[in-house]
Amino acid sequence: MTLVEERESNPAAGDAARPIGFGRLQRKEDPRFVRGKGHYLDDIVLPGMLHGAILRSPVAHARIRSIDTTEALAHPKVLAVITGKDLEGLGLAWAPTLSADVQAVLATDKVRFQGQEVAFVVAEDRYAARDALELIDVDYDLLPVVIDARKALDPDAAVVRDEIEGRTDNHIFDWEAGDAAATEAVFANAEVVVSEEVVYPRVHPAPMETCGAVADYDAVDGKLTLYETTQAPHAHRTLFAIVAGIPEHKIRVISPDIGGGFGNKVGIYPGYILAVVGSIVTGRPVKWVEDRSENLMSTSFARDYIMRGEVAATKDGRILAVRTTVLADHGAFNATAQPTKYPAGFFHMFTGSYDLQAAHCKVTGVYTNKAPGGVAYACSFRVTEAVYLVERMVDILADKLEMDPIQLRIKNLIRPEQFPYANKTGWEYDSGDYEPTMRLAMEIAGYDELRREQAEKRARGELMGIGVAFFTETVGAGPRKHMDIVGLGMNDGAEVRVHPTGKAVVRLSVQSQGQGHETTFAQIVAEEIGIPPEDIEVIHGDTDNTPFGLGTYGSRSTPVSGGAVALASRKVRDKARLIAAAMLETRPEDLEWEKGRWFVKGDPEQGKTMAEIAFATHGTLTLPEGVDGNLDAEVTYDPPNLTFPYGAYICVVDIDPGTGHVKVRRFIAVDDCGTRINPMIIEGQVHGGLTDGVGMALMEIISFDDQGNCLGGSFMDYLIPTAMEVPDWETGFTVTPSPHHPIGAKGIGESATVGSPPAVVNAVVDALQPFGVTHMDMPCTPARVWAAMQGRATPPI
Amino acid sequence: MQITMTVNGKEMTREAEPRVLLVHHIREGLGLTGTHWGCDTSNCGTCVVLMDGQPVKACTVLAAMAAGHDIRTVEGLANGATLDPVQQGFMEEHGLQCGFCTPGMMLTARALLDKNPDPDETEIREAISGQICRCTGYATIVRSIRWAAEHPATEEVSV
Amino acid sequence: MQISAPFDYARAESVDDAIALLERHGPEARVLAGGHSLLPMMKLRLARPEWLIDINDLAELDFITEAPDMVRIGAMTRHTTLLESPVMARLFPIVADAERVIADPVVRNRGTIGGSLCQADPAEDLSTVCDVLRAKAVIRGAAGKRVIEISELRRGPYETSVAQNELLTEIRLPVRARSGSAYEKVERRVGDWAVAAAGASVVLAADGRIEDVAIGLTAVGLEGTAHRAEDSLRGQVPSEELFTAAGRLAAEDCNPVEDQRGPVDYKRHLADELTRRVLRRACALAAQRG
């Protein structure tokens, strides 16, 4: 199945740059973006629109004695100042989270993290709104803070959520997967056991566009039009109906062009709700857009997992079992976004790409005085943490066994004949042929030559490292019998309509944040019904005009909505067959399909194109019995399983021994995401994720001082790679289609973000081998690398 | 105060408070929303426009400071229906995904090519190093700018 | 997006006009040069001037003039101009070394040498550069102009001896034969402030001995230059052993504080390591210019 060439494209009018269906195709959305004609949230201006601003807590934990809004209300341009008390009156002070908890919309009793929402000002313009924040006087009574998750369960720790009746500690949940006893049995008899604490620090998705909303409530017909930076417009509509008590048919959520999401724009933030309240209170549209510090300090962070990993193996390098205990810092409210049944997301993918005898994990979630969130930043519901843990641990084992890390991996990879593969924590991997992917990465890298170069450099005292990671993802959540978010099954809808002149429109429940949906989904329709992609309009991001579905995150667009679009297109094609048969006065079973056309078997001259069929469908043709006069179809796709894309990554770094500065010299990424729809877009998704990985491995972190002050609250301190920190990516691919997906596609949005951090860290640790370093935690900043060289590698949190 | 500046070749006068940032003036005063913003600390470069031909971060320039100067935004890159080679290059080489940083990146690219028509990869990377892209990983942006260098406009683009 | 508190704005048409405006509007008036330090602080409302006096139109302060014994740099010379100046590259390679790592190319199009020196951020690179080049600063006020040693300019973090109603107008760099200079910075990422940086300027005697040397450190709490390290080098023939000893002395004499960029011992180590590196390069360049 692997190493097949890119699928031959079927060019339109003989033009290779215009494939009908799959192939490299320039993006349909680009012409507006390159002209500055994208339409983002902050570009929206409605008549009479007001501006909101949020007053936030300057401290991490304090009781609110009083809030005085008199002076702010006296500001000539201020129309309203809303506090938690006002919201209590409306029953809106607390909103349900996506994890069966509640989150304060505006603080009533106390503030629980620095940056928490305390009051909302609505003013004539954004400058006045900002000015008025300074006129609100809040009296805080400081409380002891819980910052270090390791101390959150101490008996004397302050209780973050003491408003919950009967709660006396900060424990949220314990969750287990795998078989503890079977795993212990393997460990007890293992020849070799390695163990390490591996920390995945708190990071942030930080899309270039911050979050925001424009709420427009029409008091006369009771309809709320809510423009939001959301990756999941339909889920938001339903949740707003539940939270705000507005009937769902009176809510229209519009998600305009989104300036990057990466999971940051999944949740419903207090600011969105406040914009709605502001609009209801003032009777005018209200815009709220957060600034960068608000984004970094209060919206969904990612990771924050302290993991103790253990691997049991034989002396000759057969990995037998993996187990881990995790302390998960969820911040002040449990607001992680993941399928209900899985409080640690898909962390139980920590068995990785290896054929194990046993595995077990236990995850404990705790409250701290930090911002809520935890599932974001292209994480595939915490497969990032899982893959980082296992790929770091396998390297630690390789070091212990003095084995080459690639040889150790190849020895343990799941073999092609084992698929579908049931792992030891409950997953069924759909398809894979791992070893050729690993070998292709080695070949592109020139792995043996790199190892020779490294040996020479080591002899000269130079620090060069080669890091490897082999990852398997699980994406495309998911089957409704297993997966829901607040009770909503994780399915997605698509509707295809072919117009009389043979042009088509496809409506999606998922929402692009830059992934190129307008192109990819047009290509899927084109592949199925033979209408060129440029003749297909893709509509998304408007709940009044698209079918219901849960949205774009967890790499689900292609696996779930892609399935819906393919199946809806096939329905159209099947219906077209019936109509073509009527046109040709023959039986449907006597017709054969070639891209874009039904023709009579054995008589290719006798046929009808999709355009001809479409016109006849809407025309005067007498339609066959039971066939109505349209070429439309709608499908809600319930995937039978998740998809399991994978890849092999190799990173080469050079470290300045005098300063500890790490330079990523090369990065080789070979991905297998099954069927490839648009190779250009796939490569772009991979590049972006690799950059995330370099960022997290080397510089990104949201840390706190011991008072709970956020130390990563601006782009001066939350560092994201520039063009100078990343190399020219070297990519390759293999193709192993998913056997259960309608087009065999597996999803690619998060693979590189998941797979690249361990490759970079493994390279750094490999470079530091002469110093006896076997592990260091991210981010590998110059100071932390230097400390590791001194034998003082410390966790960042 | 009255602020007059030339924007994309047109003289424009608007009233604005002295504290109004150039980025807000362009977006809200003049209604040219192609220029975006992404941070508060002059780090991200999303708001880059050309001031007298040089890239500047419009979040760290007051509208008042730009009075009397020549500003070029993404809306002034194309010549009518004819795209600037930089715009064409970004489409050819997938130099954008969400499109949010793209206007700033393209304007910096235009200024770079005006100064150095044949930049190498290192020069391009340096030129865009004050601007963050969260989507592309930069390699395709570098390729886009190289594409523009290799396909210069046949005629001088006048605005 | 963050927004500054309200203020009034005036654009100066000449240096005299700028000084008159500063006089007129009093203690709450501040000079606006490139604005890349001041405006972000105003947006965070950490600075709240009532008046901004914009001096960006003062072309008379945007110059680099070479004379046999001195190069004069106008205070409104932008970082980009300094980075690209052939005069600087020839006479003071340390300037391009430093400018290449100050902020990023777009910020460098606006930021100015005068603004950087007057901001007096402890992590600011050009202060170290001017220190080791033994620069002089020209300051104009209503009463006329005064010329001070650069060491008298900075009074402490974010504080200089330029009075509220005065304007820094010019930096003067003495030109010396057989001299070489270099700057090296460690940063967490391109565009970040220094974790630590070091600059050195060396003048060699005809016999190759070190006649004069200045060593400066950025962001590690060294006021002025590293005198003990400099003393250890003066009159000596450059050698690795000498640089090692000087690096150690410089590291001992600085006073870094722990922050997100690193712990004290790491910064002290960098002071040592970077001092050795810049001395090595500065001596080699001085010997070349011989």
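Which fully enclosed strands (runs of 3 or more DSSP E) of the range A:188-229 have 3 or more residues being touching a Ser or Thr at 6+ places or on another chain (Cβ under 9 Å) and farther than 23 Å from A:Q513 by Cβ? Please lay out each step first, then the result.
On the way: elements: A:192-203, A:212-218, A:223-228.
Answer list for the range A:188-229: A:192-203.
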Note to self: If B:N8 satisfies all but one of (1) open to solvent by less than 20 Å² (accessible area, probe 1.4 Å); (2) within 13 Å of chain A (Cβ to nearest Cβ); (3) under 26 Å from A:R32 (Cβ atoms); (4) of a type outside the set (F, W, Y), what's the number of the condition it fails?
What the structure shows: (1)
Check: Out of curiosity, is A:Y227 open to solvent by 10 Å² or more (accessible area, probe 1.4 Å), in contact (Cβ under 8 Å) with a residue 24 or more places away in the chain and closer than 16 Å to A:L41 by Cβ?
Finding: yes
Notebook entry, point to check: Quick check, is C:R146 away from chain B (no Cβ under 14 Å), open to solvent by 30 Å² or more (accessible area, probe 1.4 Å) and assigned to a strand (DSSP E or B)?
Noted result: yes
Next item on the list: Please enumerate the residues belonging to the range A:766-797 that are of a type in the set (V, I, T) and crowded, with 22+ Cβ neighbours inside 10 Å.
Entry: A:T781, A:V785
Note to self: Considering only residues that are open to solvent by less than 10 Å² (accessible area, probe 1.4 Å) and more than 22 Å from the chain's Cα centre (by Cα), which ones fall in the range A:334-355?
What the structure shows: A:Y354
Check: Mind checking whether some residue in the range C:189-203 is under 16 Å from the mean Cα position of the chain (by Cα), open to solvent by 40 Å² or more (accessible area, probe 1.4 Å) and within 14 Å of chain A (Cβ to nearest Cβ)?
Finding: yes
Notebook entry, point to check: Which of (1) open to solvent by less than 30 Å² (accessible area, probe 1.4 Å); (2) within 30 Å of A:E589 (Cβ to Cβ); (3) part of a loop (DSSP other than H, G, I, E, B) is the odd one out, the single condition A:V572 does not satisfy?
Noted result: (3)
Note to self: Looking at the range C:204-214, can you tell me whether even one residue there is closer than 30 Å to B:N43 by Cα, touching a strand residue (DSSP E or B) at 6+ places or on another chain (Cβ under 6 Å) and buried (at least 24 other Cβ atoms within 10 Å of the Cβ)?
What the structure shows: no
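Can you spot a residue in the range C:256-273 that is away from chain A (no Cβ under 14 Å) and assigned to a helix (DSSP H, G or I)? Spell out the reasoning first.
Our first condition is that a residue be away from chain A (no Cβ under 14 Å); within the range C:256-273, this holds for none.
Among the residues of the range C:256-273, not one is away from chain A (no Cβ under 14 Å) and assigned to a helix (DSSP H, G or I), which makes the answer no.
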Next item on the list: Go over the candidates A:G267, A:G222, A:G260 one by one and state the one that is open to solvent by less than 20 Å² (accessible area, probe 1.4 Å), at positive phi and away from chain B (no Cβ under 14 Å).
Entry: A:G222
Note to self: Checking A:G708 against (1) more than 19 Å from A:A767 (Cβ to Cβ); (2) among the small types (G, A, S); (3) within 22 Å of the chain's Cα centre (by Cα); (4) more than 10 Å from every other protein chain (Cβ to nearest Cβ), only one condition comes out false. Which one?
What the structure shows: (3)
Item checked: Within the range A:288-307, considering residues that are within 14 Å of chain B (Cβ to nearest Cβ) and open to solvent by 10 Å² or more (accessible area, probe 1.4 Å), the one nearest to A:A337 (Cα to Cα) -> A:M297
Check: Any idea how many residues of the range A:520-544 are assigned to a helix (DSSP H, G or I), in contact with a strand residue (DSSP E or B) (Cβ under 8 Å, 6 or more places away or on another chain) and surrounded by fewer than 24 Cβ atoms within 10 Å (Cβ to Cβ)?
Finding: 2
Notebook entry, point to check: Among the helices (runs of 4 or more DSSP H) contained in the range C:1-84, which hold 1 or more residues that are away from every other protein chain (no Cβ under 13 Å) and at pLDDT 95 or above?
Noted result: C:15-25, C:79-84
Next item on the list: Please state which of the following conditions B:T13 fails to meet, knowing it meets all the rest: (1) more than 9 Å from chain A (Cβ to nearest Cβ); (2) open to solvent by less than 10 Å² (accessible area, probe 1.4 Å); (3) among the polar types (S, T, N, Q).
Entry: (2)
Note to self: Quick check on the range A:545-555: of everything there that is under 28 Å from A:V375 (Cα atoms) and either without any contact (Cβ under 8 Å) to a residue 40 or more places away in the chain or in contact with a His (Cβ under 9 Å, 6 or more places away or on another chain) (or both), which residue is surrounded by the most Cβ atoms within 10 Å (Cβ to Cβ)?
What the structure shows: A:T552
Next item on the list: Working only within the range A:633-676, note down all residues that are buried (at least 19 other Cβ atoms within 10 Å of the Cβ) and either under 23 Å from A:T546 (Cα atoms) or in contact with a Cys (Cβ under 6 Å, 6 or more places away or on another chain) (or both).
Entry: A:A633, A:V635, A:T636, A:Y637, A:P639, A:P645, A:V662, A:F667
Margin query: Filter the range A:715-727 down to the residues that are surrounded by fewer than 24 Cβ atoms within 10 Å (Cβ to Cβ) and more than 22 Å from the chain's Cα centre (by Cα) and list them by number.
Written below: A:M716, A:D717, A:M724, A:E725, A:P727
Note to self: Please count how many residues of the range C:157-188 are open to solvent by less than 20 Å² (accessible area, probe 1.4 Å) and either within 14 Å of chain A (Cβ to nearest Cβ) or in contact with a Pro (Cβ under 9 Å, 6 or more places away or on another chain) (or both).
What the structure shows: 5
Checklist line | Within the range A:680-700, tally of residues that are surrounded by fewer than 24 Cβ atoms within 10 Å (Cβ to Cβ) and in contact with a strand residue (DSSP E or B) (Cβ under 8 Å, 6 or more places away or on another chain) | finding: 2
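Among the residues in the range A:701-713, are any at pLDDT 95 or above, open to solvent by less than 30 Å² (accessible area, probe 1.4 Å) and closer than 30 Å to B:R143 by Cβ? Write out each step before concluding.
Of all residues in the range A:701-713, those at pLDDT 95 or above come to A:701-713.
Restricting the remaining residues to those that are open to solvent by less than 30 Å² (accessible area, probe 1.4 Å) gives A:701-703, A:708, A:710, A:712-713.
Those left that are additionally closer than 30 Å to B:R143 by Cβ: none.
No, the range A:701-713 has no match at all.
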Check: Residues in the range C:85-125 that are farther than 16 Å from C:S181 by Cα, of a type outside the set (V, I, T) and not in a helix (DSSP H, G or I): how many?
Finding: 10
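Looking only at the range A:457-475, which residues are more than 30 Å from A:D355 (Cα to Cα) and either at pLDDT below 95 or in a loop (DSSP other than H, G, I, E, B) (or both)?
A:R460, A:G461, A:E462
Strands (runs of 3 or more DSSP E) wholly in the range A:577-672 with at least 1 residues that are among the β-branched types (V, I, T) - which ones?
On the way: elements: A:591-594, A:597-600, A:603-609, A:631-637, A:646-655, A:662-672.
Strands (runs of 3 or more DSSP E) meeting the threshold: A:597-600, A:603-609, A:631-637, A:646-655, A:662-672.
The values are calculated or read from the model by the stated rules, or taken from the named source; none is laboratory data. Quantities reported herein were computed from a predicted structural model and do not represent experimental measurements. Neighbour counts are summed over all protein chains in view; Cβ atoms, including those assigned to glycine, are modelled from backbone coordinates with ideal geometry. Remember, those area values only see protein heavy atoms, side chains included, never the ligands or the DNA or RNA. Shrake-Rupley method; radii C 1.70, N 1.55, O 1.52, S 1.80 Å.
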